[in-house]
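One structure below.
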Amino acid sequence: MTQSDVSIRPLLSRLGVSEAVLSAGNLNVRSPIDGANLAKLATHSVADVDTIVKQAQTAFLAWRSVPAPRRGELIRLFGEALRAEKEALGELVSYEAGKIRVEGLGEVQEMIDICDFAVGLSRQLYGLTIASERPGHRMLETWHPLGVVGVISAFNFPVAVWAWNAALAIVCGNPVVWKPSEKTPLTALACQALFERVLANFDGAPANLSQVVIGERDTGEALVDNPLVALVSATGSTRMGREVGPRVAQRFGRVLLELGGNNAVIVAPTADLDLAVRGILFAAVGTAGQRCTSTRRLIVHSSVREQLVARLKKAYAALPIGNPLTAGNLVGPLVDESAFKGMQSALASAREEGGVVFGGERVLADQFPNAFYVKPAIVEMKGQSATVRHETFAPILYVLSYDTIDEAIALQNDVPQGLSSAIFSNDLRETETFLSAVGSDCGIANVNIGTSGAEIGGAFGGEKETGGGRESGSDSWRAYMRRATNTINYSRELPLAQGIRFDV
Ligand code: NAD
């Protein structure tokens, strides 16, 4: 037994995951911290997924009639349970996903925040009243629960993405079936156990309102293809979305895709470079560059390039890298060996394209022979090459120069992905242009803050190969409901719309 193996068992038991589950099957779960095997879980077959979705459908038939504010009360209580277990769940996120402690805790805080948001929302699922063109008629729009919501999530936000979906889906009257990443199923089992604990003490909620299915791609596909799953909300790579999107469309299901990003920061000549260095540093190396919103491209004005890159290199050289649970460390491990190989291969391609690489090498291999810690890399490129345009899920920051703001915006937009973007500038004309219709083409566009670390209040998601979905705040709840347009005639006549006469 290794260190991680020993330490997570009390955490799991506190969170309600039984010891027996941890050795019930063949899905190896390992910690990115030291490569230790944490569990061998049983997986769900296609037939199991079918049964679980049917159970969810039964839950739907009951839950859709529970008043929305009462549904909100369940989520309020779940938020309270998360508050009580924030430390334990946050630590488990660190063990399983390799995030530094503050980021693990931050992820649980994000779950709590979305629960709060969803509670308020449960009294605000508003429709419209619409002016009718006919006398004695009234038109309105009502929003109804949609049905079973399937959530497929990625390893890098092992719990928050589920909560973004589940909190909204449940107040909107839907049950949830969650397929977590095969790399992070333990945090999912812990969330499920916490939810069940709350559900058990709640009057009037059906069983199976939230369920988890464990497995790899085939388990996800079983969810994707099941006609009872009304909405598939899938977060992960563009490759995954390219497979999931058409499959759900084939059966006319609804899909919400949150896929890869290739996020850029523009730094203008008027930028506050102190802010820019701090903003870029957190966004480029936080979570070891494994956030969908991580800054991967720096587009800097040629007049400040040398100074900014020198300051970034100095900051990179001082980064404490190591065990994410040790206080003070800011960069934890990559998730696994294949992420490490992907990073090395991107750096090799960038070199072939004329890039000059700073950092990027493996460190701490003596201490952690089965884990993959790297120095985050800065790569000065001559242009936006094929390697730069591809999302490599690792801490690589490509540096490009520009001379005019139009050129900078064109570079920012000239990638297949469209998730997050930012500009550091104190020139109002530039910042407003960046936010305007001719500016950034991303779902998220920021001024004087980095590309990552979104708050839950806004709608989250992106354009182009990022998939077009929106989750979390603003009016994202509409994705989890179906809209009905109602026309009510309270007159004694039956006039037809558009003045059509149809009298016999
Ligand atoms: P991944 O695509 O390998 O896996 C994501 C999930 O999809 C896993 O649960 C996996 O089992 C499942 N899956 C894979 N193929 C499937 C298929 N054909 N059918 C059904 N399910 C399938 O992604 P990952 O490596 O876990 O995560 C990293 C990627 O996720 C990056 O590209 C990152 O940008 C992206 N991401 C995006 C967001 C966002 O909100 N836009 C958030 C987090 C991560």
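Return 184, 387, 466 ranked ascending by Cβ neighbour count within 10 Å, so the fewest neighbours appear first.
Working: 184 24, 387 21, 466 27.
Exposure proxy ranking, most exposed first: 387, 184, 466.
Determine, for each peptide in 455-462, 17-24, the mean count of other beta carbons within 10 angstrom over its residues, then list the peptides with the highest first. Walk me through the numbers on the way to the answer.
Working: 455-462: 19.9, 17-24: 14.4.
The densest-packed peptide leads the list: 455-462, 17-24.
Let me know the charge dipole size of segment 141-297 about its Cα centre in debye, to the nearest 20, where only the beta-carbon of Lys, Arg (+1) and Asp, Glu (-1) is charged.
380 debye
Among 118, 104, 129, whose Cα lies farthest out toward the positive end of the dipole of segment 96-160, if unit charges sit on the beta carbon of Lys, Arg (+1) and Asp, Glu (-1)?
Farthest along the dipole direction, towards plus: 129.
Considering only 294, 200, 33, whose Cα is most displaced toward the positive end of the charge dipole of the chain, charges sitting on Cβ of Lys, Arg (+1) and Asp, Glu (-1)?
200
What are the ³J(HN,Hα) couplings of segment 493-504, residue after residue, when phi is run through the Karplus curve with 6.51, -1.76, 1.60 and θ = phi - 60°? Round to Hz, x for glycine and proline.
Per-residue couplings from phi come out as 9, 10, x, 9, 5, 6, x, 5, 9, 9, 9, 9 Hz.
Taking all pairs of distinct Cα atoms, average 1/r, flip it, and tell me the Kirkwood hydrodynamic radius of segment 202-311 in Å to one decimal place.
Here the Kirkwood hydrodynamic radius works out to 17.5 Å.
May I ask you to evaluate 6.51 cos²θ - 1.76 cosθ + 1.60, the Karplus curve with θ = phi - 60°, for each residue of segment 91-100 and list the ³J(HN,Hα) values in order in whole Hz, giving x for glycine and proline?
So the J values, rounded to whole Hz, are 5, 5, 4, 4, 4, 8, 10, x, 6, 5.
Charges only on Cβ, +1 for Lys and Arg, -1 for Asp and Glu: so what's the dipole of segment 263-455 about the Cα centre, in debye to the nearest 20?
Values: 15 positive and 20 negative charges, 105 e Å.
Charge dipole of segment 263-455: 500 debye, to the nearest 20.
To one decimal place, what orientation-averaged projected area in nm² is obtained for the convex hull of the Cα set of segment 263-455?
10.4 nm²
Which angle from 0 to 90°, rounded to the nearest 10, does the C-alpha axis of helix 337-352 make with the longest principal axis of the chain?
Computed tilt is about 60 degrees.
Under the rule of at least 5 residues apart or a separate chain, name every residue whose amide H is placed under 5 Å from the amide H of residue 423.
Close amide H contacts, sequence-distant or interchain: 266, 446, 447, 448, 449.
With +1 assigned to the C-beta of every Lys and Arg and -1 to the C-beta of every Asp and Glu, and no other charges, what is the dipole magnitude of the chain about the Cα centre in debye, to the nearest 20?
Roughly 740 debye, rounded to the nearest 20.
Give me the mean projected area, in nm² to one decimal, of the convex hull enclosing the Cα positions of the chain.
On the way: hull surface 109.1 nm².
The orientation-averaged projected area of the Cα hull of the chain comes to 27.3 nm².
For the peptides 286-293, 356-363, what is the packing order when you average, over each peptide's residues, the other Cβ atoms within 10 Å and list the highest mean first?
286-293, 356-363
Which shape class, rounded, prolate or oblate, goes with segment 276-350 when its Cα gyration tensor gives a ≥ b ≥ c as root eigenvalues, a/c under 1.5 marks rounded, and past that a/b bigger than b/c marks prolate?
Values: a/c = 2.08, a/b = 1.31, b/c = 1.58.
Oblate, since a/c reaches 1.5 and b/c is not below a/b.
In segment 263-455, what percentage of the DSSP-assigned beta bridges are antiparallel, given to the nearest 5?
Here the share of antiparallel DSSP bridges comes out near 20 percent.
Putting +1 on Lys and Arg Cβ atoms and -1 on Asp and Glu Cβ atoms, find which of 452, 160, 75 reaches farthest to the positive end of the dipole of the chain.
Projecting each Cα onto the dipole axis, the largest value belongs to 75.
Find the Cα radius of gyration of segment 69-187, compare it with 2.2 N^0.38 Å by division, and give the number to two decimals.
Details: Rg = 17.9 Å, N = 119, 2.2 N^0.38 = 13.5 Å.
Relative to the 2.2 N^0.38 Å estimate, segment 69-187 comes out at 1.33.
Take peptides 418-425, 346-353 and line them up by average Cβ neighbours within 10 Å, highest first, as a rough protection proxy.
418-425, 346-353
When you have a sec, figure out the Kirkwood radius of segment 419-474 from all distinct Cα pair distances and drop it here in Å to one decimal?
One decimal place: 11.8 Å for the Kirkwood radius.
In whole Hz and in residue order, list the ³J(HN,Hα) couplings for segment 485-492 that follow from phi through the Karplus curve 6.51 cos²θ - 1.76 cosθ + 1.60, θ = phi - 60°; x for Gly and Pro.
Those phi angles translate into 9, 10, 10, 10, 9, 10, 9, 9 Hz.
Set the Förster radius R0 to 45 Å, insert the Cβ-Cβ distance between residue 196 and residue 407 as r into 1/(1 + (r/R0)^6), and round the FRET efficiency to 0.05. Walk me through the numbers before you get to the answer.
Details: r = 55 Å, r/R0 = 1.21.
Result of the calculation: an efficiency of 0.25.
So who's got an amide H within less than 5 Å of the one on residue 210, skipping anything under 5 residues away but keeping other chains? H placed 1.01 Å off N, in plane.
Hits under the 5 Å cutoff: 176.
Could you give the length gained by full extension between residue 139 and residue 496, i.e. 0.36 nm per residue of separation minus their alpha carbon distance, to one decimal place?
Between residue 139 and residue 496, full extension yields an extra 127.1 nm.
Considering segment 336-435, what Rg and Dmax in Å follow from its alpha-carbon atoms?
16.1, 52
Using Cα centres only, tell me the gap between segment 337-403 and segment 433-449 in whole Å.
Result: 26 Å between the Cα centres.
When the convex hull of the Cα atoms of segment 390-503 is projected onto a plane and the area is averaged over all directions, what value comes out in nm²?
12.9 nm²
Provide 375, 341 in ascending order of the number of other Cβ atoms located within 10 Å of each residue's Cβ, fewest first. The partial results should precede the final answer.
Values: 375 18, 341 13.
Fewest to most other Cβ atoms nearby, the residues stand as 341, 375.
Distance in nm between label sites at residue 429 and residue 116, each 7 Å beyond Cα in the beta-carbon direction?
Going from the residue 429 label point to the residue 116 one covers 4.1 nm.
If we count other beta carbons within 10 Å of each Cβ, what is the order of 494, 27, 312, fewest first? Before the final figure, lay out each step's value.
Values: 494 10, 27 17, 312 24.
The order, fewest Cβ neighbours first, is 494, 27, 312.
Laboratory data are not the source of any read-out in this text; all were calculated from the coordinates shown. All figures in this text were calculated on a predicted structure; none of them were measured in a lab. Neighbour counts run over all protein chains shown; Cβ positions are idealised from the backbone, glycine included.
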